Structures are given as C-alpha cells and as structure tokens.
C-alpha cells in the first residue's frame, strides 16, 4: 500500500540542515535527522540539502541510494527487521523468514496492507548467540520461533 | 538486597526487561527492599537473562531467568541457582583483560568504572610523551582486532610521525560480520573503556578529535555510547582539558546507514565524510590521508578498548599472554548452532575443538557439528577434521582459515554447504560498493555459477574456482577479496555437496 507523502515543512527542513552544518561530514547526520522527522528522506529536501552542502543533486542521490537505511517514502508504522546472516541461518532463520513473509503475503521490503509493518532483511543484529534474531523498531528479540514471531507480529498489529 | 540484571541487547532480546519488572513486583509483594543495578552481560548468553544477587559481597547467579522465577530468586529457593558467578567454569577459564568490567559494573557509572581500574591507564598516559605512548602499544604486541591483524603500534607510529595541523582517531564500530558481537557488548557494557582508549590514542599520535562510526543496526549501543560521551565530557575526561592536563581530546558518535562495506576502513572514511561508502585505493594509507585527507588512526572497537588495560597493567603484562605473533587475548564470540554461546576472552592459542565442543558444548540441536565458520561472512568454513587448529592469526591462516574478528558460527550436519557458498556470493553481490569489477560483477556471476552447479552442470565447478581466483587477486578490498574464502572452503572440504547429477537436481 502506498502511504501518503509526509507533510513537508520547508522551514523545518532548513532548520534540520542548519543544525548539522557545523559538523565535519554533515551529510549522513542530516539524512538520518530528516528520516527521523519524516520517516524518509523527502524529495522536497533534496534541493535545500544539496544547496547547503554545495553538492549536486546527482551526488546527493548517489549517497541516499547507496545506503540501505534511507527511504524515499515512509515505511509502515513499524519496521520488522529479520536477520538473514549465517548465525541465524544455522538455527533455522531462513525458514522462519520465509514463513513470516508467506504468512504476511509479502516480499522483502514489503508493507502489510493495513500499513502496520514493513519487513526488511538485515545482515546481523549482533545477537548471534541467541539466534534467530529480529528487531521490531528498536526492540530486539532473540531465539525467535513461530510462536514468538506471532507475538511480535500481533504486537505490531500486522 | 542488591540485584544485578544485564541491560545488554542479548539479555533484553531474551526477556530481561520482563524479568526486571517481575523482580520489582515480587519485591513489593514480599516487602523486601531491593536495588536493581543494570550491567553489561557476562557473556554467557545461554544463561541470559542472568540475574545476580549479591550476598556478603559475592554475586550468586540465577539463570536463564523468567518472570515466573522472580519470587523464588528473591527468597533464595530458585531452582535456577547457579552458585557464585565468578566460580562458573566459563568465567574461571577466561582471562578477562579487555572485558574485565563487562557484566560487573554499571556501564554508565563513571565512579563504578574508576573503582574497577578505569582511567588508571589514561592517567599514566598523560605522564608520557606521544612517542612513549606509541612505544608502549608496540611493546604490547596488540594487533588490529577488526580482522586484518595489523600491528596497532606501527599504525599509530605512522600517524604520530605525520605532519599535519589536524589528526583524527576513528573507531570502526561497524561490526557487520555475522557471528560477532564483541564490539556491541563492550559498547553497551563498558563504554568508558572505548572512550579512554580513544583518548590515549589521541594523546599518542597528537589527534584532538575522535569519531566512533557505529552501525545503525545497534540502537542500544548508540544510546549508551552517546550518553557515555556526554558523561565523560561533563566529568572532564573529554574536552579541552583532559583530566586537568591541559590536553585536548573530544569525540562524537556517528551512525552508519546499513552498508556492510563501510566496515572496510577507507569506505568507512568516505561514509563519515558524507559520501557513498565506496572503497578507496591504497595508497595513500588512511594513516597519512584519512578522514578529510588528514592523518587518521582507524582502529576496531576491541583494539581501542584494549588500550586502557595495556596502560593500566603495562605492555609486558599484556604481551605475556598469547601464542607466537598473536599476543594478548582474543575475544572469541561463540555463536550459531551451539549449546553454550557467548563471549569468551582468553589468550591466543586455544584450539577450535576446545571452543566448540568443550566450552560450547557442541551443537544446540544435539546433532553432530559439521563445520564452523570462523571470522564472519568472509571467513572459511572449517570442517571437524581441522578442529585441532589453534586460534591465532598465523596459525589459523596456515590451516586455510581467517581469524577475522574472532566470531565462530557453528553449523550442525543439516547445513547445506552449497547453499552457504551461494549465500556468500549473494551477500557480496548485495553489499558490494561497486567500485571494482571482480567484486561487483564477480559476485553476481558467482551466484549464477553456483546455481548451475546445483543444477548438475559439471562444467561450472572449474569456472567457479577460476572466478574465485580472479576475485581474490583482483578485488580492491576484503569484501571481494575474501568472499572466495567461504566459497572455496565449502567446495574443498565438502566436495560431495558440489557434485550433483542432473537427475538428482531435478
């Protein structure tokens, strides 16, 4: 489901950019702050950011698109990250991920029809001694089995 | 009554917050006055959440605790009782130098930190010249714990000798390797030791500014590190007058954006500068032209977090541990399909067999262990026949392995080695920065070639071997250069799984 574009306040974008200009290498902190505020790096911010940093919009696009974290449009209300890395695979992580995606009728990066959850792959949450691991927003969950995954999905309203 | 419960992500992932709530409730119900102190984790992840109750100065463990255990833990009747934590086999067999305080102290209490030896190293370093600091690190034999194993003191010497108006200390906390969590554990469990280590590095090479490049996948570590930097600055450990010495060092926490390749030092520097995280060709070395073109020390979290103990106890004390050219301790991370997983710090030289079968207790599933991937997604799959290998940089290399960041991922006999080889190529294709052709194109072709092998195409295996040679020799950085290691180790040690007839495949 396509979510509506966030309401953009040009003054706020200018403030976010301004707040970071004193940093050495301010671009990633600016992009994180924009995403924190709007759930994505809104297209309306590209011009002001490029101008403030004296880079081209093409360069800015190159940076935004290089990193997995930055979004063009907001995710669902919650983001569920399922670890796909080796330690989680060694204890059934792949089957868990596939079962979850099937259950939700999604592919990776997809969002449930009610807009509740976006499912993303992640390569390692550093919970490799209590795998398989997932993260719902900022909350980590280890030794995830079908029952625990159901509880996480229910909590997220999926 | 003093009760300790870890606040580490792994403990939280296993329900520590629910246990804390239950303990508070149970204490209220029984009218007991309890003080709950949150700590890092001891590293015995199979016992998490591990609740510790202090009695007469001794901490008694209960774990793995559930909310239902709370009342019995408080009245001393719990069946989860483990006895004094320090007497547990896993604890007694370790040499905890870098991780001495982790699991013991409140991560954000500077008083606690100092009461357990913290800042002693920095105070000593403040009385030394830059060259003396660099010499001490050289004498300790410390090598880069991120994986490359380059001698830390030599890197520092290069930056020390470089002439520049500004120099930087950059901590690589982009711990993206599967099976590794030592960086996360120390940042969440003892953040001041990293701050102290970076400050000593700054004094040593003449840098006044430090950055920690911390991956976004670690939200808890980011919060703890940011808070710790604020506390350290407020207490005068960081800032314009480090511990009243008149010397300057300050630092910032920067958050990555989900690119694995940014764990490579030059790509990390580009990312820190606000660029695409593409790899830079070397030379110039980052030690001469690093962040913003200035001389920069780029060290892993564990390397920098080990510096304080080297200065506190002396370089020789540290160098006395270890094997061959691998001096000091290695922070092993035992993970994957293993009965007892966690962090185990010990002198270099312990065998793979002892770690996996003795300490780790074999697989979690109870099935036979088939292979262990050592050193993350770019490390080799070591078969059981190689389990006598000693864990040291050169020793493992001689066995065709890679120590890397010392993460060990255990697989049982259900592991599909062709599938794991394919995953290694797929991961490289997803995470390649795209700068060099062998990695960018090679990884994609690698996935396709392994699919042909799976379909029973006998011509594909020599092609895969050839492709791996090209990637190994022709890639700019370790991502393309070492992806062949897991792939070819799977091919070499499990050849039967790469010979498939067309009928079987269909």
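Taken together, the values in this text are just the output of simple stated rules run on the coordinates, not laboratory data. This is a predicted model, so every value here is computed, not measured. Cβ atoms come from the backbone with ideal geometry, glycine included; neighbour counts cover every protein chain shown.
The table below gives the values:
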| item | result |
| --- | --- |
| When the range B:2-92 is reduced to its Cα atoms, the Kirkwood hydrodynamic radius in Å | 12.7 |
| Cα-based Rg and Dmax for the protein assembly as shown, where Dmax is the largest Cα-Cα distance (Å) | 24.4, 76 |
| 17 Å reach of a label modelled at residue B:292, 7 Å along Cα-to-Cβ, counting backbone N of the range B:211-237 | B:211-213 |
| Backbone N within the range B:412-437 under 15 Å of label point (7 Å from residue A:95 Cα along the Cβ vector) | B:412-416 |
| Rough spin-label spacing in nm, given labels placed 7 Å along Cα→Cβ, for residue A:44 and residue B:394 | 6.3 |
| Sites residue B:384 and residue A:61, calculated FRET efficiency, Cβ-Cβ separation with R0 45 Å, nearest 0.05 | 0.35 |
| Helix axis angle, A:146-156 relative to chain A longest principal axis, alpha carbon, degrees | 40 |
| In degrees, nearest ten, helix A:57-66 long axis to first principal axis of chain A (Cα) | 20 |
| Solution diffusion estimate, µm²/s, Stokes-Einstein, chain A, Kirkwood Rh from C-alpha pairs, 10 °C, viscosity 1.306 mPa s | 93 |
| Prolate/oblate/rounded call for the range B:174-294, Cα gyration tensor, a/c under 1.5 rounded | oblate |
| Segment residue B:108-residue B:80, length gained on full extension (0.36 nm per residue, minus Cα span) | 7.2 nm |
| Anisotropy class of the range B:347-404 from Cα gyration tensor, a/c 1.5 cut | prolate |
| Sites residue A:145 and residue B:241, calculated FRET efficiency, Cβ-Cβ separation with R0 60 Å, nearest 0.05 | 0.65 |
| Residue B:470 paired with residue B:233, simple spin-label distance in nm, labels 7 Å along Cα-to-beta-carbon | 5.0 |
| Cα-based helix-to-principal-axis angle, A:10-20 vs chain A, degrees rounded to 10 | 80 |
| FRET efficiency, residue B:163 to residue A:24 (Cβ-Cβ, R0 25 Å, nearest 0.05) | 0.80 |
| Span per principal axis, largest first, for the Cα atoms of the range B:192-252 (Å) | 36, 23, 15 |
| Rg/Rh for chain B, where both radii come from Cα atoms and Rh is the Kirkwood radius | 0.99 |
| Relative intensity, log₁₀ I(q)/I(0), of the range B:258-372 from a Debye sum that treats every alpha carbon as a point, q = 0.21, 0.22 Å⁻¹ | -1.03, -1.06 |
| Separation of the residue B:154 and residue B:459 label points, Cα + 7 Å toward Cβ, nm | 4.6 |
| Calculated diffusion of the range B:110-319, Stokes-Einstein form, Kirkwood radius summed over Cα pairs, 25 °C and 0.890 mPa s, µm²/s | 147 |
